[in-house]
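*Asks:* Input: one structure, supplied below.
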Amino acid sequence: VRLDWPRAGRVTVLCGAGNNGGDGYVVARSLAEAGWRVRVLGAPTRPGGDAAAARARWPGPVEPLDAATFRSGPRPDLVIDAMLGAGLSRPPDPAIRAILTAMVGLTVVAVDGPSGLCLDRGILPGHPRGALPDDMPRAAMTVTFDSPRPGHLLEAGPALCGRLVVADIGLSAFRRRGRITALWPRLGHPGDPARGEWLRKTAAPAGHKFTHGAALVVAGPPGHGGAARLAARAALRVGAGLVTLAPPASALSDHAGPPDALMCRLADDARALEAPLSDRRALAVCIGPACGTDRAAALLPAIVAADRPTVLDADALTAWARAPGPLPRDTVLTPHQGEFARLFPDLAQCLSDDAPDAPGKLATLHRAAARIGATVLLKGPDTVIAAPDGRAAIHSDPHLPWLATAGAGDVLAGLITGLMARGLPGFEAACLAVRLHGAAARLHGPGLIADDLIEALPALIRDWR
């Protein structure tokens, strides 16, 4: 038995009536064998089930599972929460709520998930969406099995779960590969493009700049060029062979500075984009960062007609929301919460719905992507990426508050564009870009500005595993 608390002390194990409680009895036996003083509180189990069998193998007494009994004993060094498991969708009954309140301030390890947390949606049924009530204990660690559940990673989940440990119990050889990927703590397999050799181009065939694709980033009016430049620099740093900015003539001076590796092509109107968009060499397009809503609306038809891999961000999202229409076959939309509400006003209501049967963030993003036939990336500390074919990914990292800075979203849009230029489909490009974005922020640390994300990329890609 490997213990994260190596000093044997006093532990109280709280076992519910179902299989989660059965796991609790197994934990109790293991801790007792390791020298801990174990106290077990348990609810009655259904005769003949696995939980009942696990309870029968526990050699010690089982006290009633209620708050009065819990409070009556000595203060434990550790509490094992094995009361409620993965099937919770409604508020816990008052008896369990009272125990949870009594656990506040104690060191808690949760089995599968903290009791009271919906592991499908990451919400606390019975509480307002996004609430983290003071009478709800925070686990120091949560141990789940085989793979994370969406609720571990979404909304209130990370704050309640603490450190998430995913224990391998040998199911991978028997289960069908799922369609939900947790980008935390890792993504991929030996052939995944996230491997460092591909990012560093050391696994790529010899060639020239167009072997690695080209990116076109539409820039906006005078005085607003910074956002497009951030996106273009990010696309260049992530490996696109050639990156071109397309500003109006009036904003040309915004782009006179370095890096000199960025190309510039004037685009006052849609006709000016026809030539670069008609080049049959690999090209991905980014439109939106500080582009201006009217300018985006005027240029979008030409981009849609060219049918190139495309990233729609910022002002382009607002322009498209005002006049929805067809999109290029491989399109990634990168809204924040407010932009998502403009794009999908009916679905945005689902993200604030407290009803027990309301769809969670993951299901809502699935609906959005299927509706428009494009990949949708909803930005936030729990970023969700959904593809129109039903795949989804979650990148959960609530411990990067310094990433909330002007221009960070422009950098992300540029990363996705650069990776699409290099040949990754939109969903895979969005997944890898989000990982790189978060890793660059962590590498730099507090005090981050958006430019720092780009400057962190060379070292990050060099050491990427």
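*Asks:* Mind jotting down the distance between the C-alpha centroids of the stretch 141-170 and the stretch 378-451, whole Å?
*Replies:* Cα centroid to Cα centroid, the span is 21 Å.
*Asks:* Run the dipole for the stretch 255-310 about the Cα centre, Lys and Arg Cβ at +1, Asp and Glu Cβ at -1, nothing else charged, and hand back the magnitude in debye, nearest 20.
*Replies:* 160 debye
*Asks:* If you take P(r) over Cα pairs in 10 Å bins from 0, in percent from the coordinates, which of [x] 4, 11, 10, 8, 7, 7, 6, 6, 5, 5, 5, 5, 5, 4, 4, 4, 3, 1, 1, 0; [y] 4, 21, 32, 27, 12, 3, 0; [z] 4, 19, 26, 21, 14, 9, 5, 1, 0 do you get?
*Replies:* From the options [x] 4, 11, 10, 8, 7, 7, 6, 6, 5, 5, 5, 5, 5, 4, 4, 4, 3, 1, 1, 0; [y] 4, 21, 32, 27, 12, 3, 0; [z] 4, 19, 26, 21, 14, 9, 5, 1, 0, the structure gives [z].
*Asks:* Name the residue from PRO128, ALA214, GLY60 whose Cα lies farthest towards the positive end of the charge dipole of the chain, charges +1 on Cβ of Lys and Arg and -1 on Cβ of Asp and Glu.
*Replies:* Final value for the positive-end residue is GLY60.
*Asks:* How far apart, in nanometres, would the label points at THR69 and ASP279 be if each is projected 7 angstrom from Cα along the Cα-to-Cβ direction?
*Replies:* If labels sit at THR69 and ASP279, their model points lie 7.3 nm apart.
*Asks:* Sticking with this structure for a sec: What number, in percent, do you get for the relative contact order of the chain if the mean sequence gap of Cα pairs under 8 Å and at least 6 apart is divided by its residue count?
*Replies:* Across the chain, relative contact order equals 12 percent.
*Asks:* Same structure, new question: Once you place label points 7 Å from the Cα toward the Cβ at SER147 and LEU443, how far apart are they in nm?
*Replies:* Computed distance between label sites SER147 and LEU443 equals 2.8 nm.
*Asks:* By how many degrees, between 0 and 90 and to the nearest 10, does the Cα long axis of helix 94-103 differ from the longest principal axis of the chain?
*Replies:* 80 degrees
*Asks:* Turning to a different aspect of this structure: Sorted by mean Cβ packing within 10 Å, highest first, what order do the peptides 382-392, 451-461 take?
*Replies:* 382-392, 451-461
*Asks:* Still on this structure: Using unit Cβ charges (K, R positive; D, E negative) and no other charged atoms, how large, in debye to the nearest 20, is the dipole of the stretch 10-175 about its Cα centre?
*Replies:* The calculation lands at about 160 debye.
*Asks:* Right, next: Would you please classify the overall shape of the stretch 13-108 from the alpha carbon gyration tensor, given that a ≥ b ≥ c denote the square roots of the eigenvalues, rounded means a/c under 1.5, and beyond that prolate means a/b larger than b/c while oblate covers the rest? Please list the in-between numbers first.
*Replies:* Working: a/c = 1.66, a/b = 1.04, b/c = 1.60.
Judged from the Cα gyration tensor, the stretch 13-108 comes out oblate (a/c at least 1.5, b/c at or above a/b).
*Asks:* Additional query: Could you check the simple spin-label distance between VAL304 and ALA256, using points 7 Å along Cα→Cβ, in nm with one decimal?
*Replies:* Placing both labels 7 Å beyond Cα along the Cβ direction yields 3.7 nm.
*Asks:* Next up: Work out, step by step, the length gained on full extension between HIS399 and HIS208: first 0.36 nm times the residue separation, then minus their alpha carbon distance; give nm to one decimal.
*Replies:* 64.8 nm
*Asks:* Now for a different question. Between rounded, prolate and oblate, where does the stretch 214-463 land on the alpha carbon gyration tensor, with a ≥ b ≥ c its root eigenvalues, rounded for a/c under 1.5, else prolate if a/b exceeds b/c? If you can, show how the numbers build up before the last one.
*Replies:* On the way: a/c = 1.66, a/b = 1.21, b/c = 1.37.
Here the stretch 214-463 falls in the oblate category.
*Asks:* Students often check this: by mean Cβ neighbours within 10 Å, which of 288-294, 57-63 ranks highest, and how do the rest follow? Walk me through the intermediate numbers first.
*Replies:* On the way: 288-294: 23.9, 57-63: 13.3.
In descending order of packing, they fall as 288-294, 57-63.
*Asks:* How much area per residue is accessible in the chain when the probe is 1.4 Å and only protein heavy atoms are counted (Å²)?
*Replies:* Accessible area per residue, the chain: 43 Å².
*Asks:* Using θ = phi - 60° and the Karplus relation 6.51 cos²θ - 1.76 cosθ + 1.60, list the HN-Hα couplings for the stretch 130-135 in order, rounded to whole Hz, with x at every Gly or Pro.
*Replies:* For the stretch 130-135, the Karplus-derived couplings read x, 6, 10, x, 5, 8 Hz, x marking Gly and Pro.
*Asks:* Oh, and also: Give the peptides 146-155, 333-342, 123-132 in descending order of average Cβ contacts within 10 Å, highest first.
*Replies:* 146-155, 333-342, 123-132
*Asks:* Roughly to the nearest percent, how much of the accessible area of the chain is carbon and sulfur, given a 1.4 Å probe?
*Replies:* 54 percent
*Asks:* Next question. Using the Cα centre of the chain as origin and beta-carbon charges of +1 (Lys, Arg) and -1 (Asp, Glu), tell me which of LEU88, PRO458, GLY48 is placed farthest towards the positive end of the dipole.
*Replies:* The residue sitting farthest along the positive end of the dipole is GLY48.
*Asks:* In addition: In debye, nearest 20, what is the charge dipole magnitude of the chain about its Cα centre with +1 on Lys and Arg Cβ and -1 on Asp and Glu Cβ, if you could check? Present the calculation step by step, with values, prior to reporting the outcome.
*Replies:* On the way: 49 positive and 43 negative charges, 226 e Å.
About 1080 debye.
*Asks:* In whole Å, how far is the Cα centre of the stretch 327-371 from that of the stretch 197-260?
*Replies:* Between the Cα centres of the stretch 327-371 and the stretch 197-260 lies a distance of 30 Å.
*Asks:* From the square roots a ≥ b ≥ c of the eigenvalues of the alpha-carbon gyration tensor of the stretch 321-465, which class results: rounded (a/c under 1.5), prolate (a/b over b/c), or oblate?
*Replies:* The shape class here is prolate.
The values are calculated or read from the model by the stated rules, or taken from the named source; none is laboratory data. If you're wondering where the values come from, they're calculated on a predicted model, not measured in any experiment. Cβ atoms come from the backbone with ideal geometry, glycine included; neighbour counts cover every protein chain shown. Just the protein is used for accessible areas: all its heavy atoms, side chains included, with ligands, DNA and RNA removed. Shrake-Rupley method; radii C 1.70, N 1.55, O 1.52, S 1.80 Å.
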